[in-house]
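Below is one structure; the comments refer to it alone.
The values are calculated or read from the model by the stated rules, or taken from the named source; none is laboratory data. As the structure is a prediction and not an experimental result, all values here were calculated from the model. Glycine gets a Cβ as well: all are built from the backbone with ideal geometry, and neighbour counts include every protein chain shown. SASA here: full protein model, heavy atoms, side chains in, ligands and nucleic acids out. Shrake-Rupley method; radii C 1.70, N 1.55, O 1.52, S 1.80 Å.
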Amino acid sequence: MSKIFESLWEDREIRFDVNKENLSLRDGEKLIQNHTKVEDTKGNPGKWGEMLITNLRVIWQNHESYKINLSIGLSAITGIFTRKSSSKIMGNCESICLSTKSNNNRFEFIFTDDKKETSSIFATISALNKAYESSRLYRDLKLRGALIQGGQIRLLPTEEIHDKVNGVWNLSSEQGNLGTFYITNIRVVWFANMNESYNVSLPYLQINSIKVRDSKFGFALVIESSWRSGGYILGFRIDPIEKIRKVAKEIQSRHQVFMATPTYGVQFSLESNDVRITSVHL
């Protein structure tokens, strides 16, 4: 059911010279800003290309051949700064530098635009990087986080509660832990009634399957997370069996709705030529 999202890589990886399909924006990926004449000063000196900045990544593609391109995920960016450089096209000028890390490999990218001035690119990528880091709960599985306060879920921006289910046993230990489910438009959250810090937040982006199956504890709701999130198998018991089937159907339905129009949590708005990007604070 979530095969399309199992292959989600754009925000996390650095890829070189990808095919046209991988350059296309995926569902939920939004173009925030584009710059039509930008040189990849270090990797492809002397060649103009177009820079596309989205809510997941930075794309650069050469004007003369789309086969020469870069895709840099926001999660891979570890540093953003400007410095004086020597461009093959523009001469001595100010360029933007991105320090990155992907799969234990480090890369530095240097970009120069045709105006010899990179403040707009720098401001946009810097703000996006902060907004991306502050909105990880939209995209990442979280164990034992600051998710609950006074028995209530701490909602994310744009998040809405669709159901609250009491009497949910987490089957991760032999004795089980009694707790509560929150089902929202973005994720499923469970927490233990006796210890709110014992909890899990599982975004629909990271769900592989939702099933009801027999276990040594009786019928259980089993949610499997994606391999990117650790491949967890989370089991929950809810009595009676009719209730557990109802909850499973509701999560499946919310999951399908989300997958049709996914959101990645990076909040931004376009006003005239300005980009406003908002970090999430919980």
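Quick notes
- Segment 33-107: C-alpha gyration tensor shape, a/c 1.5 cut-off, then a/b vs b/c: oblate
- Per-residue surface analysis assigns I96 an accessible area of about 0 Å², computed on protein heavy atoms at 1.4 Å probe radius.
- The 1.4 Å probe gives accessible areas that order L143, L74, largest first, as L143, L74.
- Accessible surface, per residue, of the chain when the full set of protein chains is kept, probe 1.4 Å, Å²: 49 Å²
- Exposure ranking of H162, H63 by accessible area [1.4 Å probe, largest first]: H63, H162
- Share of carbon and sulfur in the accessible heavy-atom surface of segment 19-178 [1.4 Å probe, %]: 45 percent
- Cα coordinate range in segment 169-241, projected on the principal axes (Å, largest first): 28, 27, 21
- Each helix, a run of at least 4 DSSP H residues, gives -39500 (n - 2.57); summed and divided by the residues of the chain, these come to -4500 deg cm²/dmol at 222 nm.
- Rel. contact order, % - alpha carbon contacts under 8 angstrom, at least six apart, the chain: 16 percent
- Against the chain, whose longest principal axis comes from its Cα atoms, helix 119-134 is set at around 10 degrees.
- Net lengthening on full extension, M194/Q175 (0.36 nm per residue, minus Cα-Cα): 5.4 nm
- Computed from Cα atoms, the angle from the helix 241-260 axis to the main principal axis of the chain rounds to 10 degrees.
- Accessible surface, 1.4 Å probe, highest first, among residues W169, W60: W169, W60
- A full extension of the chain between F16 and N103 corresponds to an added length of 29.9 nm, given 0.36 nm per residue minus the alpha carbon distance.
- For S119 and T36, a Förster radius of 22 Å and the Cβ-Cβ distance give a FRET efficiency of 0.85, rounded to the nearest 0.05.
- Signed unit charges on C-beta, dipole axis of the chain, positive-most listed residue T54, I153, L70: I153
- Between the beta carbons of S86 and S7, assuming R0 = 30 Å, the FRET efficiency works out to 0.15 to the nearest 0.05.
- Projected onto planes of every orientation and averaged, the convex hull of the alpha-carbon atoms in the chain covers 15.9 nm².
- Segment 229-246 and segment 55-84 have Cα centres separated by 41 Å.
- Positive minus negative residues near R26 (Lys, Arg vs Asp, Glu; Cβ under 12 Å): -3
- Choice from G167, G235, G91 with maximal GNM fluctuation in the chain (Cα, 10 Å cutoff): G91
- GluC sites (Glu not before Pro) restricted to segment 1-67 and DSSP loop, no more than 13 other C-beta within 10 Å: E64
- Each Lys or Arg adds one and each Asp or Glu subtracts one; over the other residues with Cβ under 14 Å from the Cβ of S253, this totals +2.
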